[in-house]
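Down below is the structure, laid out as C-alpha coordinates.
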(Lines give C-alpha, C1' and ligand atoms only; values in the text may rest on other atoms or scores of the structure.)
Protein backbone atom coordinates (compact mmCIF):
# COMPACT_ATOMS: atom_id res chain seq x y z
CA UNK A 1 0.00 0.00 0.00
CA UNK A 2 2.69 2.51 0.96
CA UNK A 3 4.66 1.85 -2.21
CA UNK A 4 1.55 2.69 -4.25
CA UNK A 5 0.86 5.80 -2.18
CA UNK A 6 4.47 6.97 -2.60
CA UNK A 7 4.23 6.39 -6.35
CA UNK A 8 0.94 8.28 -6.58
CA UNK A 9 2.35 11.16 -4.55
CA UNK A 10 5.40 11.51 -6.80
CA UNK A 11 3.15 11.39 -9.87
CA UNK A 12 0.83 14.07 -8.51
CA UNK A 13 3.74 16.35 -7.62
CA UNK A 14 5.24 15.85 -11.08
CA UNK A 15 2.02 16.84 -12.84
CA UNK A 16 1.10 19.83 -10.67
CA UNK A 17 2.38 23.03 -12.28
CA UNK A 18 2.24 26.10 -10.02
CA UNK A 19 -0.14 28.71 -11.38
CA UNK A 20 -1.95 31.81 -10.24
CA UNK A 21 -5.15 33.40 -11.45
CA UNK A 22 -5.09 37.14 -12.19
CA UNK A 23 -8.14 39.10 -11.18
CA UNK A 24 -10.26 40.67 -13.90
CA UNK A 25 -8.62 44.04 -13.18
CA UNK A 26 -5.10 42.57 -13.32
CA UNK A 27 -5.81 40.83 -16.61
CA UNK A 28 -7.37 43.96 -18.11
CA UNK A 29 -4.22 45.93 -17.26
CA UNK A 30 -2.14 43.17 -18.87
CA UNK A 31 -4.28 43.42 -22.02
CA UNK A 32 -3.65 47.18 -22.14
CA UNK A 33 0.06 46.51 -21.71
CA UNK A 34 0.06 44.16 -24.69
CA UNK A 35 -2.05 46.44 -26.86
CA UNK A 36 0.25 49.43 -26.16
CA UNK A 37 3.32 47.34 -27.06
CA UNK A 38 4.57 47.03 -23.48
CA UNK A 39 4.65 50.76 -22.81
CA UNK A 40 3.38 50.04 -19.31
CA UNK A 41 4.20 47.38 -16.75
CA UNK A 42 2.04 44.29 -16.71
CA UNK A 43 1.00 42.95 -13.28
CA UNK A 44 1.70 39.46 -14.65
CA UNK A 45 5.41 40.00 -15.34
CA UNK A 46 7.02 39.49 -11.94
CA UNK A 47 4.91 36.58 -10.70
CA UNK A 48 4.93 34.80 -14.06
CA UNK A 49 8.62 34.00 -13.68
CA UNK A 50 7.66 31.29 -11.17
CA UNK A 51 3.92 30.85 -11.56
CA UNK A 52 2.08 30.45 -14.83
CA UNK A 53 -0.81 32.94 -15.11
CA UNK A 54 -4.08 31.31 -16.13
CA UNK A 55 -7.04 33.53 -16.81
CA UNK A 56 -10.68 32.73 -17.42
CA UNK A 57 -13.16 35.26 -18.73
CA UNK A 58 -15.89 33.35 -16.87
CA UNK A 59 -16.13 34.66 -13.29
CA UNK A 60 -17.32 31.37 -11.75
CA UNK A 61 -14.54 29.38 -13.47
CA UNK A 62 -12.01 32.01 -12.43
CA UNK A 63 -13.17 31.63 -8.82
CA UNK A 64 -12.84 27.83 -9.05
CA UNK A 65 -9.34 28.18 -10.46
CA UNK A 66 -8.37 30.55 -7.65
CA UNK A 67 -9.70 28.14 -5.04
CA UNK A 68 -7.59 25.28 -6.45
CA UNK A 69 -4.50 27.51 -6.70
CA UNK A 70 -4.93 28.63 -3.08
CA UNK A 71 -5.58 25.17 -1.64
CA UNK A 72 -2.63 23.70 -3.54
CA UNK A 73 -0.46 26.38 -1.90
CA UNK A 74 0.43 28.01 -5.23
CA UNK A 75 -1.04 31.40 -4.46
CA UNK A 76 -2.30 33.51 -1.55
CA UNK A 77 -4.96 35.13 -3.73
CA UNK A 78 -8.38 34.16 -2.41
CA UNK A 79 -11.48 33.65 -4.54
CA UNK A 80 -14.27 36.14 -4.09
CA UNK A 81 -17.11 35.28 -1.71
CA UNK A 82 -15.07 32.69 0.15
CA UNK A 83 -15.96 31.66 3.72
CA UNK A 84 -14.63 33.53 6.72
CA UNK A 85 -11.09 32.74 7.86
CA UNK A 86 -12.26 30.26 10.48
CA UNK A 87 -14.21 28.24 7.88
CA UNK A 88 -11.67 28.56 5.05
CA UNK A 89 -9.77 25.39 4.08
CA UNK A 90 -6.02 25.87 4.63
CA UNK A 91 -3.46 25.29 1.89
CA UNK A 92 -2.42 21.66 1.52
CA UNK A 93 0.30 20.50 3.92
CA UNK A 94 2.78 18.74 1.65
CA UNK A 95 5.29 18.22 4.47
CA UNK A 96 2.74 16.32 6.54
CA UNK A 97 1.95 14.04 3.60
CA UNK A 98 5.61 13.44 2.72
CA UNK A 99 6.45 12.69 6.36
CA UNK A 100 3.51 10.31 6.69
CA UNK A 101 4.66 8.38 3.62
CA UNK A 102 8.23 8.31 4.92
CA UNK A 103 7.12 7.05 8.37
CA UNK A 104 4.33 4.87 6.93
CA UNK A 105 1.98 6.20 9.57
CA UNK A 106 -1.75 6.38 8.75
CA UNK A 107 -2.58 9.11 11.23
CA UNK A 108 -5.97 10.85 11.00
CA UNK A 109 -4.15 14.01 9.90
CA UNK A 110 -2.34 12.13 7.12
CA UNK A 111 -5.49 10.40 5.90
CA UNK A 112 -7.36 13.72 5.81
CA UNK A 113 -4.60 15.61 4.02
CA UNK A 114 -3.88 12.81 1.53
CA UNK A 115 -7.57 12.63 0.67
CA UNK A 116 -7.68 16.38 0.18
CA UNK A 117 -4.66 16.31 -2.13
CA UNK A 118 -6.18 13.62 -4.34
CA UNK A 119 -9.46 15.54 -4.52
CA UNK A 120 -7.63 18.78 -5.38
CA UNK A 121 -5.55 16.93 -7.95
CA UNK A 122 -8.75 15.79 -9.65
CA UNK A 123 -10.05 19.36 -9.74
CA UNK A 124 -6.70 20.56 -11.09
CA UNK A 125 -6.79 17.99 -13.90
CA UNK A 126 -10.33 19.01 -14.81
CA UNK A 127 -9.82 22.79 -14.63
CA UNK A 128 -6.25 23.24 -15.82
CA UNK A 129 -4.28 20.27 -17.08
CA UNK A 130 -6.88 18.96 -19.52
CA UNK A 131 -8.76 22.19 -20.20
CA UNK A 132 -7.63 23.75 -23.47
CA UNK A 133 -10.60 26.11 -23.34
CA UNK A 134 -9.47 27.77 -20.12
CA UNK A 135 -5.87 28.02 -21.27
CA UNK A 136 -6.96 29.58 -24.57
CA UNK A 137 -9.31 32.15 -23.06
CA UNK A 138 -6.50 34.56 -22.16
CA UNK A 139 -5.26 34.79 -25.72
CA UNK A 140 -8.80 35.13 -27.04
CA UNK A 141 -9.53 38.04 -24.70
CA UNK A 142 -6.45 39.88 -25.96
CA UNK A 143 -7.18 39.26 -29.62
CA UNK A 144 -10.78 40.29 -29.02
CA UNK A 145 -9.69 43.55 -27.43
CA UNK A 146 -7.35 44.19 -30.37
CA UNK A 147 -10.13 43.55 -32.87
CA UNK A 148 -12.30 45.98 -30.93
CA UNK A 149 -9.82 48.81 -31.63
CA UNK A 150 -9.57 49.52 -27.95
CA UNK A 151 -6.46 51.74 -27.88
CA UNK A 152 -7.66 53.60 -30.97
CA UNK A 153 -10.71 54.63 -28.96
CA UNK A 154 -8.47 56.18 -26.33
CA UNK A 155 -6.57 58.10 -29.00
CA UNK A 156 -9.79 59.28 -30.61
CA UNK A 157 -11.08 60.52 -27.21
CA UNK A 158 -7.87 62.42 -26.43
CA UNK A 159 -7.74 63.88 -29.94
CA UNK A 160 -11.29 65.20 -29.61
CA UNK A 161 -10.77 66.56 -26.09
CA UNK A 162 -7.72 68.57 -27.16
CA UNK A 163 -9.89 70.38 -29.72
CA UNK A 164 -13.27 70.52 -27.98
CA UNK A 165 -14.56 71.15 -24.51
CA UNK A 166 -18.09 69.78 -24.94
CA UNK A 167 -17.27 66.41 -26.59
CA UNK A 168 -20.74 66.47 -28.17
CA UNK A 169 -21.09 64.47 -31.38
CA UNK A 170 -22.48 67.41 -33.37
CA UNK A 171 -19.33 69.45 -32.63
CA UNK A 172 -16.75 66.78 -33.48
CA UNK A 173 -16.80 66.88 -37.28
CA UNK A 174 -13.83 69.28 -37.82
CA UNK A 175 -11.64 67.32 -35.38
CA UNK A 176 -12.74 64.01 -36.92
CA UNK A 177 -11.88 65.24 -40.43
CA UNK A 178 -8.44 66.26 -39.22
CA UNK A 179 -7.89 62.88 -37.57
CA UNK A 180 -9.20 61.05 -40.64
CA UNK A 181 -6.76 62.98 -42.82
CA UNK A 182 -3.82 61.94 -40.65
CA UNK A 183 -4.86 58.29 -40.60
CA UNK A 184 -5.56 58.29 -44.34
CA UNK A 185 -2.15 59.74 -45.17
CA UNK A 186 -0.48 57.16 -42.94
CA UNK A 187 -2.52 54.37 -44.54
CA UNK A 188 -1.54 55.46 -48.07
CA UNK A 189 2.10 55.89 -47.12
CA UNK A 190 2.57 59.66 -47.32
CA UNK A 191 3.03 60.04 -43.54
CA UNK A 192 5.14 57.90 -41.25
CA UNK A 193 3.21 56.08 -38.52
CA UNK A 194 4.24 57.15 -35.04
CA UNK A 195 5.71 54.17 -33.23
CA UNK A 196 5.00 51.72 -31.79
CA UNK A 197 1.82 51.53 -33.88
CA UNK A 198 1.98 50.47 -37.54
CA UNK A 199 0.11 51.60 -40.65
CA UNK A 200 -2.59 48.97 -40.19
CA UNK A 201 -3.27 50.23 -36.66
CA UNK A 202 -4.10 53.73 -37.96
CA UNK A 203 -6.05 52.33 -40.86
CA UNK A 204 -8.47 50.65 -38.47
CA UNK A 205 -9.91 54.05 -37.57
CA UNK A 206 -11.07 54.60 -41.15
CA UNK A 207 -14.18 53.56 -42.98
CA UNK A 208 -13.67 51.23 -45.91
CA UNK A 209 -15.23 51.49 -49.35
CA UNK A 210 -14.85 48.45 -51.59
CA UNK A 211 -12.13 47.21 -49.25
CA UNK A 212 -10.11 50.42 -49.51
CA UNK A 213 -9.60 52.85 -46.62
CA UNK A 214 -11.65 56.03 -47.03
CA UNK A 215 -10.78 59.43 -45.63
CA UNK A 216 -13.50 59.23 -42.98
CA UNK A 217 -13.51 58.05 -39.37
CA UNK A 218 -15.54 54.89 -38.77
CA UNK A 219 -19.01 55.26 -37.41
CA UNK A 220 -18.10 53.18 -34.35
CA UNK A 221 -15.89 56.08 -33.23
CA UNK A 222 -18.17 58.90 -34.38
CA UNK A 223 -21.03 57.29 -32.46
CA UNK A 224 -19.19 57.11 -29.14
CA UNK A 225 -21.28 58.86 -26.50
CA UNK A 226 -20.07 61.74 -24.37
CA UNK A 227 -20.28 59.42 -21.37
CA UNK A 228 -18.05 56.84 -23.05
CA UNK A 229 -15.53 59.47 -24.09
CA UNK A 230 -15.36 60.74 -20.52
CA UNK A 231 -14.79 57.18 -19.29
CA UNK A 232 -11.89 56.78 -21.71
CA UNK A 233 -10.40 60.14 -20.76
CA UNK A 234 -10.69 59.48 -17.03
CA UNK A 235 -8.96 56.08 -17.25
CA UNK A 236 -5.68 56.80 -15.46
CA UNK A 237 -4.06 53.67 -16.89
CA UNK A 238 -3.87 55.19 -20.39
CA UNK A 239 -2.37 58.64 -20.78
CA UNK A 240 -1.12 60.63 -23.75
CA UNK A 241 2.32 59.05 -23.42
CA UNK A 242 0.84 55.66 -24.38
CA UNK A 243 -0.84 57.07 -27.48
CA UNK A 244 0.24 58.51 -30.83
CA UNK A 245 0.76 62.30 -31.04
CA UNK A 246 -2.23 64.59 -30.74
CA UNK A 247 -0.83 67.20 -33.14
CA UNK A 248 -0.81 66.85 -36.93
CA UNK A 249 2.64 68.43 -37.23
CA UNK A 250 4.13 65.73 -34.99
CA UNK A 251 3.75 63.19 -37.81
CA UNK A 252 6.65 63.20 -40.28
CA UNK A 253 6.49 62.99 -44.05
CA UNK A 254 7.97 59.92 -45.68
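The values are calculated or read from the model by the stated rules, or taken from the named source; none is laboratory data. Remember, it's a predicted structure, so these values are computed and weren't measured experimentally. All Cβ positions, even for glycine, are placed from backbone atoms using ideal geometry, and neighbour counts span all protein chains on display.
Of the conditions (1) under 30 Å from residue 58 (Cβ atoms); (2) at pLDDT 95 or above, residue 143 fails just one. Which one is it?
Only one criterion is unmet by residue 143, namely (2).
Let me confirm something: among 95, 28, which residue is loosely packed, with under 12 Cβ neighbours inside 10 Å, in a helix (DSSP H, G or I) and at pLDDT 85 or above?
Details: 28 fails: loosely packed, with under 12 Cβ neighbours inside 10 Å.
It is 95.
Tally up the residues in region 98-116 that are touching a residue at least 60 places away in the same chain (Cβ under 8 Å) and either touching a helix residue (DSSP H, G or I) at 6+ places or on another chain (Cβ under 6 Å) or surrounded by fewer than 12 Cβ atoms within 10 Å (Cβ to Cβ) (or both), please. Talk me through it step by step, then tell me what you get.
Initial filter on region 98-116 (touching a residue at least 60 places away in the same chain (Cβ under 8 Å)): 98, 101, 104, 114.
If we keep only those that are either touching a helix residue (DSSP H, G or I) at 6+ places or on another chain (Cβ under 6 Å) or surrounded by fewer than 12 Cβ atoms within 10 Å (Cβ to Cβ) (or both) too, we end up with 101, 104, 114.
Final tally of qualifying residues: 3.
Please go through (1) surrounded by 14 or more Cβ atoms within 10 Å (Cβ to Cβ); (2) within 30 Å of residue 240 (Cβ to Cβ) for residue 41 and return the number of the only condition it doesn't satisfy.
Of (1) surrounded by 14 or more Cβ atoms within 10 Å (Cβ to Cβ); (2) within 30 Å of residue 240 (Cβ to Cβ), only one is false for residue 41: (1).
State which residue is modelled with the highest pLDDT when the search covers only region 152-184 and only residues that are assigned to a loop (DSSP other than H, G, I, E, B) and out of contact with any helix residue (DSSP H, G or I) (no Cβ under 7 Å at 6 or more places or on another chain). Write out each step before concluding.
First, pick out the residues of region 152-184 that are assigned to a loop (DSSP other than H, G, I, E, B): 164-168, 172.
Narrowing the set further to residues that are out of contact with any helix residue (DSSP H, G or I) (no Cβ under 7 Å at 6 or more places or on another chain) leaves 165-166.
Details: 165: 86, 166: 89.
Looking at the filtered set, the residue picked out is 166.
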